[in-house]
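To start, the structure under review is shown below, and the notes come after it.
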Amino acid sequence: MSALLPYSEDIKKARLNTQSLGFPSQTLSVTPRRFPAKPLGIKGRLTTALTVGIATVVAFTSQAAIALQVQVTPESPQLGDTLSVMIDTETTTQPPSVSIGQKIYPAFPVTANRYRALLPTTPLDKSGRLEFQVIGDGEVRNLAVFLKNRSFPTQRIRLSGSANRSATELELNRVAEFKTLVTPQKFWNGPLVKPNAGRVSTVFGVRRYYNGVFAEDYYHRGVDYAAGTGSPVLAPAAGRVALVGRESQGFNVHGNTVGIDHGQGVLSIMLHLNQIDVQEGDFVQAGQRIGTVGSTGASTGPHLHWGLYVHGIAVDPVPWRFDGIE
Ligand SMILES: [Zn+2]
């Protein structure tokens, strides 16, 4: 068995096998989306069909000879989604991993010979073909999914200058350090809990113009809930409190902050809190009160900002909230 197949080989094989064997595409495990996807154009449909073909053939030929079986959900991802890559191996000597370009994402055991890696995507990614490699069992599988484009709302911000607060080294360092956490145990279970009862005031992924200039690197890295000061803030899932930062210590922009490690590179960060009820090192359960809504840091009124991070990248919490990612 060749260790490395170039993309064109994989595609050829995929076409060949799906055509000659008539392998049904339903074999690919698919998590249905809560919201129906926009209809794709003919080109989009073709690309998706080809992508499904590739993933399908991997699953099929694996049963015959190849050690690595790979399944990706959701079937039809869009910008901001978290990709779940399920990998079945024959050996348990070393866990497999997934790479996109230079970046390597770890896979964690699900059952004896099954591993799962999570890949974050963002509004800053290019839509279209997303190529990745699965490495394990002495093999490298080149695979691809089609990442659908998605339009995000935009905001126009006028900066006056005086209203600007700048972040301190302390808060930047502590938040950056928190975002690097990848601990082996998985603490979340099922769909995440809504962290505050208020309405969503700003959705994930909003893009901005500052004084008329589009901010290429900016997207709203979380969800905002509008609620009064003192409204309870709940842990979206179980986990270890790994960051507590206070405005009084220099958290000028984030304000009073709680960061929760849900395990395996999945983190929540809650900003602008009024009161903080937990300490670093505490273990919290899903739905447990961790503090209250406030307007500390760079905030124009009481609200909760909840950022959900996967391997240091802010992803759309919506699929996590409604479908859950297991
Ligand atoms: Zn926000």
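Results for (1) in a strand (DSSP E or B); (2) over 22 Å from SER231 (Cα atoms); (3) within 16 Å of the ligand (Cβ to nearest atom), shown as yes or no for each residue.
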position: ALA286; (1), (2), (3): no, no, no
position: THR292; (1), (2), (3): yes, no, no
position: GLY297; (1), (2), (3): no, no, yes
position: TYR309; (1), (2), (3): yes, yes, yes
position: ASP316; (1), (2), (3): no, yes, yes
position: ARG321; (1), (2), (3): no, no, yes
position: GLU326; (1), (2), (3): no, yes, no
request  = Check off (1) surrounded by 18 or more Cβ atoms within 10 Å (Cβ to Cβ); (2) among the polar types (S, T, N, Q); (3) more than 16 Å from the ligand (Cβ to nearest atom) for GLN249 and give me the number that stays unchecked.
outcome  = (1)
task = Return yes or no: is LEU172 more than 26 Å from the chain's Cα centre (by Cα) and assigned by TED's automatic domain parsing to the domain that holds THR257?
result = no
remark   = (1) under 22 Å from ALA215 (Cα atoms); (2) among the hydroxyl-bearing types (Ser, Thr, Tyr); (3) surrounded by 13 or more Cβ atoms within 10 Å (Cβ to Cβ) all hold for THR183 apart from (1)
Among residues of region 261-281, those that are aliphatic (A, V, I, L, M), under 10 Å from THR292 (Cα atoms) and more than 16 Å from the ligand (Cβ to nearest atom), counted = 1
request  = Inspect region 216-229 for any residue being crowded, with 16+ Cβ neighbours inside 10 Å, away from the ligand (no atom under 15 Å from the Cβ) and within 24 Å of the chain's Cα centre (by Cα) and give the result as yes or no.
outcome  = no
message = I'd like the full set of residues that are within 16 Å of the ligand (Cβ to nearest atom) and surrounded by 20 or more Cβ atoms within 10 Å (Cβ to Cβ), limited to region 230-244.
response = VAL233, PRO236
ask   = Which of the following residues is hydrophobic (A, V, I, L, M, F, W, C) and within 16 Å of the ligand (Cβ to nearest atom): VAL134, VAL193, VAL175?
value = VAL175
inquiry  = When you check ASN252 against the structure, is it under 20 Å from SER166 (Cα atoms), polar (S, T, N, Q) and in contact (Cβ under 8 Å) with a residue 60 or more places away in the chain, yes or no?
reply    = yes
ask   = How many residues does region 132-158 contain that are farther than 28 Å from ASN211 by Cβ and within 17 Å of the chain's Cα centre (by Cα)?
value = 5
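The values are calculated or read from the model by the stated rules, or taken from the named source; none is laboratory data. Note that the structure is predicted; figures quoted are calculated from it, not measured. Counting neighbours? That spans all protein chains shown, and the Cβs are built from the backbone with ideal geometry, glycine included.
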